[in-house]
Amino acid sequence: MLEKIKYSVNKKIGKYLNYLVSISYATKNKAFKKIILKNRSLTKESNYLDYETYNPGDYGVNPTIARAMHLNLSNLPTYTDLICYITSQVWKNHLSYLEIGTSLMKNVHQVSNHIIDSSILCIDIESPPMIFSKVTNNKNKNLVDYLTADIFDNKKIIEYFKNRENLKFDFIFSDAAHTYEGLIQEYNIIYKNKLNEKFIIYFDDLDFPRLEDAFIEIYKDQLSIKNNLLCFTFEINGWVGINEKRHKNGIITNIDLPTLFEKDNIYLKNYSKF
């Protein structure tokens, strides 16, 4: 309980610090800038939350985040911008994308606007949100599926994948149950044995209590199966941009992303490699 209170206080303080330090960052990569502007245009014209029917906690959104959902994000990179950049550089077409904890689908909405002829699987405990129809009726010919399930509902998840034994993923974005047990559970029951030859597992909110412990445990387990893995953490703005503290994110991959970032002048704050 004490850890959760400390996290909440630090997040509120971090929001204001983020305003101050944000002016020190500016991406120099033209392709990345283009992605950022495309994402800002899309989110500006989109509605993700019906404030008239919203109740605190719906889709895992607290009132503070709800108030910031449609505020100006600024043109500083968010994790969504980074995901869109990575996928455009590594795959672009024919990507198998999994997002666990899609919430209001603000992230996957933007990702689906960049990738082409790809498959997208969304898993969330809530029913599809209001933006779902726009994501499914996309111009990029992406096939979108949505599984409403608690990640601890082994029976439902196993049943879903039972007839999809050959389904594997290139990119996984983990943003569901923000607990150690939740991360270990989703890894074991959903994607541990469903990674393609080249893959990226991307984790949000590793500054939540014990999430980084689970992140490292998953890395070590994959390291016992595969060689040449990279594992690193960094800080980046989340889905409401500079309107909250930067998120601690982490990536496990067998793709040489650090070299790509260096070549393309992509700077990640507080980058730390394991």
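Every number in this text was worked out from the coordinates using simple rules, so none of it is lab data. In this text, all values refer to a predicted model and were calculated from it rather than measured experimentally. All Cβ positions, glycine included, derive from the backbone under ideal geometry; neighbour counts span all protein chains shown.
Sorting the segments 204-212, 101-109 by their residues' average number of neighbouring beta-carbon atoms within 10 angstrom, most packed first, yields 101-109, 204-212.
Backbone amide hydrogens, once placed in the peptide plane, bring F173 within less than 5 Å of L98, E99, I100, Y202, excluding anything fewer than 5 places away on its chain. With a threshold of 30 Å on the Cα-Cα distance, the over-threshold entries among K38/K155; K33/K245; K30/K220; K162/K263; K44/K156 are K38/K155; K30/K220; K162/K263; K44/K156.
Restricting attention to the chain, close to 40% of DSSP beta bridges with both partner residues there are antiparallel. Relative intensity of the chain on a log10 scale, I(q)/I(0) at q = 0.07, 0.13 Å⁻¹, equals -0.23, -0.87, per a Debye sum over C-alpha point scatterers of equal strength in the absence of solvent.
Amide H contacts of N237 (H built 1.01 Å from N, in plane; Pro and chain starts excluded): Y79, H247 sit under 5 Å, all sequence-distant by 5 or more or on other chains. Legend: helices of the chain (whole DSSP H runs) are marked when their alpha-carbon atoms reach 15 angstrom or more along the helix axis and their mean Kyte-Doolittle hydropathy is at least 0.5; marked are 79-90.
Which trypsin sites (Lys or Arg not before Pro) in the range 123-156 pass both tests, a DSSP loop state and at most 15 other beta-carbon atoms within 10 Å? Counting only loop positions with at most 15 other Cβ atoms within 10 Å, the trypsin sites (Lys or Arg not before Pro) in the range 123-156 are K139, K141. Overall, the anisotropy analysis places the range 144-263 in the oblate class: the square-rooted eigenvalues a ≥ b ≥ c of its C-alpha gyration tensor yield a/c not less than 1.5, with a/b not exceeding b/c.
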